[in-house]
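K.L.:
Input: one structure, supplied below.
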Amino acid sequence: MKKIFIADIKNYENQEITLQAWLYNKRSSGKLHFLQLRDGTGEIQAVVFKGNVSEDVFALADKITQESSVEVTGTVKKTDRAKIGFEIDATDVKLICGSEDYPITPKEHGPHFLMEHRHLWLRSLKQKAILRVRHRIIKSIRDFFDNHGFTLVDAPIFTPNACEGSTTLFETDYFDQKAYLSQSGQLYMEAACAAVGKAYCFGPTFRAEKSKTRRHLTEFWMVEPEVAFMDIFEDMDLAEEFVEYIVQQVVEHCRPELETLERDISKLENIKRPFPRISYDEAIEILHKKGNDTPNGEDFGGDEETLISEEFDKPVMIHHYPMSVKAFYFKQAENGKAACVDMIAPEGYGEIIGGGQREEDIDKLMAKIKEQNLNPETFDWYLDLRKYGSVPHAGFGLGIERTVAWLCGLSHVRETIPFPRLMDRLKP
Ligand code: 4AD
Ligand code: MG
């Protein structure tokens, strides 16, 4: 018998085939059992009619339980009733492995219960759709940089210093010294772009986020391009082209998944350049008009980001924040502000990109390191980059999970990564 995947079913109309799959649901009426099968590549219904199978097979189809693994043989029939356009007229069903008391039933479960069973929850059709969208986002990221002359340069995970402030560092013993899990590969990409011109790294990053929000994980994936001889405005051009590409690739390749997730696809189709660009001062004005009284000079939090994003139906780039609210490495622009940019996703999904132009002058950089009470000794290698042919350069970091949340329309980042790490979650 020809063993096939559900995704290939259309090539076998009226032919007899065998499928290996899990039973995700079942319906019965008298002489018929309708087995809803999924094999990871797709979903299809097998119809077990009493007159077409042996007594043993009919009895098995009657008592088979949710998430049992099975081998089903039968003929592929066209039907308009199913989304996939086909069903199987079963002639044989074999049990591979039973499944007693599967914890996740078609009824509603709370988020805590589902997170405890994340290893099983992943099998549900919505979670599978999210995994697929995530995969497509990651593929699009790699394709974009490959097509734009970038070289992938891997950054280390064990690092001697902070990149994004010392309050969210995970510390670990590294033989006889202290090491920290990387918060960002940026500093290493600054070294790499002097070697390859356009560099990017893509990997897990770690932050001991002590607040429980719907946008923060303690372990998340970030992609970080860094380009030599680039300024803040070219950096925004790159970020805009990059995000447009990712969104349109997902729209093109993930329509069935977005439909499963009940995502409003027209909102994503609209994500085309140019994106709005506003200065920090203009963002403050918007907030004040909307009744939010964040003083000029303070950083924005999730609430402010959401308020600003309501004004636009595309991602908005907010640039030139006050130096005092940004990391030590930013270049000071002529207007005294930091040459930085944050990209805020529409529909209240928050900041997806943070980046900007780096300080290339060694004395100014040293002064910032001291001002922010960082240890200059751990940055000696980084300061070297400003000693030997220092050039203007810029880059940014895009958080994968926030991007998945936005494109899939998910209210919490815990569903955007296969096995989320949160302040109160280390298992499974
Ligand atoms: O704005 P951030 O902190 O920027 C940096 O780390 C720079 N060093 C990047 C660079 O210029 N190379 O983080 C970048 C992005 C945020 O916009 C957000 O999307 C994501 O990383 N992010 C998080 N995602 C999930 N959980 C967290 N705790 C996150 N912290 C940041
Ligand atoms: Mg940021």
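K.L.:
Of all the stretches in the chain, which is the longest one without any exposed loop site, taking chymotrypsin sites (Phe, Trp or Tyr not before Pro) in a DSSP loop (any state but H, G, I, E, B) with at most 10 other Cβ atoms within 10 Å?
P.N.:
Counting at most 10 other Cβ atoms within 10 Å as exposed, the longest clean stretch of the chain is 176-387.
K.L.:
Could you pull out every one of the lysines with an alpha carbon less than 23 Å from that of K139, ignoring same-chain neighbours closer than 8 positions?
P.N.:
Output for K139: K126, K128, K198, K267, K272, K314.
K.L.:
When the scattering of the range 42-117 is computed by the Debye formula from its Cα atoms alone, each counted once and equally, what is log10 I(q)/I(0) at q = 0.12 Å⁻¹?
P.N.:
For the range 42-117, the Cα-only Debye profile gives -0.45.
K.L.:
To the nearest 20 debye, what is the magnitude of the charge dipole of the chain about its Cα centre, counting +1 on the Cβ of each Lys and Arg and -1 on the Cβ of each Asp and Glu?
P.N.:
1600
K.L.:
When the gyration tensor of the range 2-97 is built from Cα positions, what are the square roots of 5 times its three eigenvalues, in whole Å, from largest to smallest?
P.N.:
19, 14, 13
K.L.:
Which whole-number percent is the relative contact order of the chain (Cα, under 8 Å, 6+ apart)?
P.N.:
Answer for the chain is 13 percent.
K.L.:
As an exercise, take the mean of 1/r over every pair of distinct alpha carbons in the range 110-245, invert it, and state the Kirkwood radius in angstroms.
P.N.:
Answer for the range 110-245: a Kirkwood hydrodynamic radius of 17.2 Å.
K.L.:
Shifting gears a bit: Could you work out the relative contact order of the range 129-233? I mean the mean sequence separation of Cα pairs under 8 Å and 6+ apart, divided by the number of residues, in percent.
P.N.:
25
K.L.:
In percent, how large is the relative contact order of the range 299-412, given Cα pairs closer than 8 Å and 6 or more residues apart?
P.N.:
24
K.L.:
Sorting S124, S140 by accessible area (1.4 Å probe), largest first, what list results?
P.N.:
Ranked list, largest accessible area first: S124, S140.
K.L.:
Now for a separate question. Restricting attention to the range 1-108, which GluC sites (Glu not before Pro) occupy a DSSP loop and are surrounded by at most 12 other Cβ atoms within 10 Å?
P.N.:
E100, E108
K.L.:
Computed from the mean reciprocal separation of all distinct C-alpha pairs, what Kirkwood hydrodynamic radius does the chain have, in Å?
P.N.:
In the chain this quantity evaluates to 24.4 Å.
K.L.:
Further question: Charges at C-beta only: +1 for Lys and Arg, -1 for Asp and Glu. How large is the resulting dipole of the range 342-418 about its Cα centre, in Debye rounded to 20?
P.N.:
20
K.L.:
Right, here's the next one. Could you check how much of the accessible area of the range 2-97 is carbon and sulfur, as a whole percent, using a 1.4 Å probe?
P.N.:
48
The values are calculated or read from the model by the stated rules, or taken from the named source; none is laboratory data. Just so it is clear, the structure is predicted and the values come from calculations on it, not from any experiment. For neighbour counting, all protein chains shown are included, and Cβ atoms are generated from backbone atoms with ideal geometry for every residue, glycine included. All accessible areas refer to the heavy atoms of the entire protein, side chains included, with ligands and DNA or RNA removed. Shrake-Rupley method; radii C 1.70, N 1.55, O 1.52, S 1.80 Å.
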